[in-house]
Amino acid sequence: MSKGDFSNLSSNSAIKKLLCSFSAGNEDIVFSDDVMKVNRKKQHQKRKLMITNRHLYNLEMPMFSNTPTCKRRIELADITKIIVSTTSEHIVLCVPKEYDYHYVSARKQVIQDVIMTYREQVYGEKPELVEVDSGDLKSYVLTKTEAKQMKGGRPESAVAEGFESKPRSPTVMHYSNQSGEKVEMDSFELLKVIGKGSFGKVMQVKKKDTGEIFAMKVLHKDAVIARNQLEHTKAERHILQAVQHPFLVGLRFAFQSEQKLYMVLDYLNGGELFFHLKKSARFSEERARLYAAEIVLALGHLHSLGIVYRDLKPENILLDKDGHIRITDFGLAKESVVDNSSAQTFCGTPEYLAPEILSGTGHGRAVDWWSLGTLLFEMLTGLPPYYDQNLNIMYRKILQEELKFPKDLIKSADAKDLLTKLLDRNPETRLGSSVQDAEEIKNHPFFAKIDWDGLMAKTVEAPFKPEVAADADVSNFDTCFTDELAQDSFVDTSALSKDENRNFDGFTYMPASNLK
């Protein structure tokens, strides 16, 4: 237990499960305590504040229960300023991308020190620290309601106290040279937050003129550049435009402002596969087989285009209303891969990393089939085959430990045989590594019952259909996201130079099928 874990949350199994649900347990609790959150009406609400080495969690702990409700999760990088009172126990955490947090705590100094330390350790920069004589700090707080109502900048009271106004960034319009509608931020109504990542968030949006529901991925250009993700971002945008497949999420529009990139994608109201796996603990073999088969078709299509996906995991698989999957998030995908060793980047999600990525010997298409084996194992048992909370131990297991099947969870010989062949540590002999690629896997006895043509046509009925009330339904997404305010946040208009902005030339996209 960390010495700052005053509530001993590191020993709480529900908290461990919560952290695993967000980041596969790759976060360490560095602070926890009971605090008072000050809401927009200046009322005090009891909360459990938990800080890890990467995020801040605002938790509500129901009476007589150890099971938390995550009210909000904030990346430490998004906390740009800490305001502390020198005359009281009040502290404000400024989150300009969204809205601020106002707490009262006898341990405000510890909270301040922990955030300062780990934000610098992980992201290379401390937040700004402001000490003021005000007792309640109310004039320094941007509330959720104020953020929603603001047309630009912070409230006048806050500006008067020394804040710089942060006006909304103007949208820079670029569109295809084909005649068609102009698409910009004002073309869409922001509905809900449905996901968050390192460089921005994903929001559910409605196109104002047609009423169509989409998912909008928003990336901050400065974060993309600062974390050396420019080439990955360009590749993602290019791949999304290039691929069209029943089991891959499609790009509908792409545009940019001076500070941000916007990708408008298909919205799937069935939610993440991870959401359903978390609810069910594990899937039946029939259900897992259908998902695996559709993933095989999707990955096979990518491989035929020379693209290696490299980030297969339940969080990157979405369900439509009929229970069929689509793969999303091509941020780690690699183009022009022609063999099983030409790619060199160490990337991916720890539990799903293939041995050749860990050993740094070069990798190719076969890493996706290893990840498929890991995912199928997880769908059938509830955990990846080599999972451990300690990353170093997990990496050692991936490289060395014998594959073991939990008793009574994987029963069929065909499933065990497929998993053994997909989780072959030698990428040259791994199932799917030959020039036949996906065809090798499709011909395995585990998939003997699959009607591949019917599956491509989506005439095969899925064994599970998510509960969906309407096209805009978000009930299959985690409330930790959907409870957040959906807004196009305010950023410093001077953050990027003209030369830096030229890196994003050609990002904008409007396919012919979208032209009116």
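Structure above, values below:
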{"quantity": "Alpha carbon centroid spacing (whole Å) that separates the stretch 214-275 from the stretch 5-24", "calculated": "30"}
{"quantity": "Spin-label model distance (nm) - ALA469 vs LEU383, 7 Å beyond Cα toward Cβ", "calculated": "3.6"}
{"quantity": "Computed FRET value (nearest 0.05) for GLU212 with SER434, which takes r as the C-beta separation and R₀ as 41 Å", "calculated": "0.45"}
{"quantity": "Built amide H within the under 5 Å cut-off of ASP5, gap 5+", "calculated": "SER32"}
{"quantity": "Label point distance in nm, HIS245-LYS81, each placed 7 Å from Cα along Cα→Cβ", "calculated": "4.7"}
{"quantity": "Distant alpha-carbon pairs in the stretch 216-255 (separation over 13 angstrom), percent", "calculated": "57"}
{"quantity": "Fraction of the pair-distance distribution of the stretch 9-160 above 22 Å, Cα-Cα pairs, percent", "calculated": "40"}
{"quantity": "Estimated distance in nm for a label pair at SER139 and GLU286, the labels positioned 7 Å out from Cα along Cα-to-Cβ", "calculated": "6.7"}
{"quantity": "Gain in span if fully extended, GLU335 to LYS17, counting 0.36 nm per residue against the direct Cα distance", "calculated": "111.0 nm"}
{"quantity": "Per principal axis, descending, Cα span of the stretch 275-421 in whole Å", "calculated": "39, 37, 26"}
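Any read-out appearing in this document is the output of simple, stated calculations on the displayed coordinates, not a laboratory observation. All figures in this text were calculated on a predicted structure; none of them were measured in a lab. Please note: Cβ atoms are built from the backbone with ideal geometry, for glycine as well, and neighbour counts cover all protein chains shown.
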